[in-house]
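Report on the structure given below.
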Amino acid sequence: MQRIYVLGAGNVGSFFAHALRGNGGRTGHRPVTLLFHRPELLGTWKNSKQELVFSYPQHFETSKGFDVEFVESPGNVDQTEISHLIVATKATQTVEAVSSIARRLTSVSTIVFVQNGIGVIPKLNSALFPDPSRRPCYLAAVHTHGIKPQPNKPFHYLYAGSGSVTIGPTSASDELDSRSGLERYVLDSIVQATALHAKEVDASTLLSVQLEKLLVNSIINPLTALLNCNNGEIADGIADGSYRTFIEFLLEEALEVLPELTQRTSKSDLGFEKERLMKLVELVARNTASNICSMLQDVRAGRETEIDYINGWLVERGRETGKEMRNHKLLVKCVKEGRSLGLGQPRGSNARERTGD
């Protein structure tokens, strides 16, 4: 079997690696190499049992037998070609992380992006693959699995919520129907890994799924970051009306620049579309009520957030189409400056206690 490389050994990258290595589905275990781009993470791996452990409500699963590499732009001399790569780094880290292995990627390589937000690929092409004839084939995967790290247990994860994966090409030019088995291998491997519950879709369908998730993230992520609360606070604020008006403004602005989500909806029915999306935001926030989203974690840790690839991407679309996007601009500005929105009386004085602050 062919080797699959995973760049980004966080919650999501580890889950994909675990599914491919420990739960290979119908065709057995895949050879998987974990690519570490932080030396301290590699050291932790070498000093551990070198396995991934996932705890489910009624059982736990362990996967072993991974190969590992430390990748760094000046120091890594490995020239082995990478034909199948899953990128699960944060959007803000992608160009730098992929640059360390760019020389090992060719026009017959396939990269699967499993990330929040949109907008990484144009930056990657500009920085690393300006020649279209030498550019890898790009796929993207949107997942709804709930994965949490186990505190003080490296490479141990809690499977907190059942989900699925939608995977497909990022553009019509990358459709795989007529491509070789080599280029389909990683896609087929993901679909056949039963733990992922993955399905393949075409580029148009994938874009709709990506945009819908981006829209949900553009509300839940920055609001939890700015209100210092868990996801459940947003669901409560929609249910009792505390945050509903502001979220409606955000949805209206987003729908103005996302024709892909409204192309089958007449202008008179956009109110119904907005209400559907409001219910979706509330549902996602309710189903992940105890979660501390990654953007809030980044703000607390003083790290760069992915706001530019979520709300910032919507603002850029607005700039291209002549839409002001005033409320999404406000969120971008406030998150970057570490400010509070002040939407009124905070929901619950015990929010800090529940989030562990």
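Structure above, values below:
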read-out: Entries of K64/K148; K49/K199; K49/K148 with Cα pairs more than 24 Å apart; value: K49/K199
read-out: Fewest-first ranking of D131, D202, using other Cβ atoms within 10 Å as the exposure measure; value: D131, D202
read-out: Kirkwood hydrodynamic radius of the chain, from inverse mean 1/r over distinct Cα pairs, in Å; value: 21.3 Å
read-out: Residue-span extension gain [K199 to K333] - 0.36 nm each, minus C-alpha spacing; value: 44.6 nm
read-out: Percentage of interatomic Cα-Cα distances in region 4-201 larger than 28 Å; value: 22 percent
read-out: 5 angstrom amide H check on F113, placed H, neighbours 5+ away; value: V87, L139, A140, A141
read-out: Modelled FRET efficiency - R0 35 Å, A127 with K49, Cβ distances, 0.05 increments; value: 0.40
read-out: Semi-axes of the equivalent ellipsoid for region 190-240, Cα gyration tensor, largest first, Å; value: 30, 14, 9
read-out: The chain, dipole about Cα centre (Lys/Arg Cβ +1, Asp/Glu Cβ -1), debye to the nearest 20; value: 540 debye
read-out: Fully extended contour minus Cα-Cα distance, from M1 to S107, at 0.36 nm per residue; value: 36.1 nm
read-out: Computed [θ] at 222 nm, deg cm²/dmol, the chain (DSSP H ≥ 4; -39,500 (n - 2.57); rounded to nearest 500); value: -13000 deg cm²/dmol
read-out: Alpha-carbon Rg/Rh ratio, for region 188-342, with Rh computed the Kirkwood way; value: 0.98
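Values quoted throughout were computed directly from the atomic coordinates according to the rules given, and no laboratory measurement underlies them. Quick caveat, the model's predicted, so the values are computed rather than measured. Cβ coordinates were reconstructed from backbone atoms using ideal geometry, including for glycine residues, and neighbour counts include every protein chain displayed.
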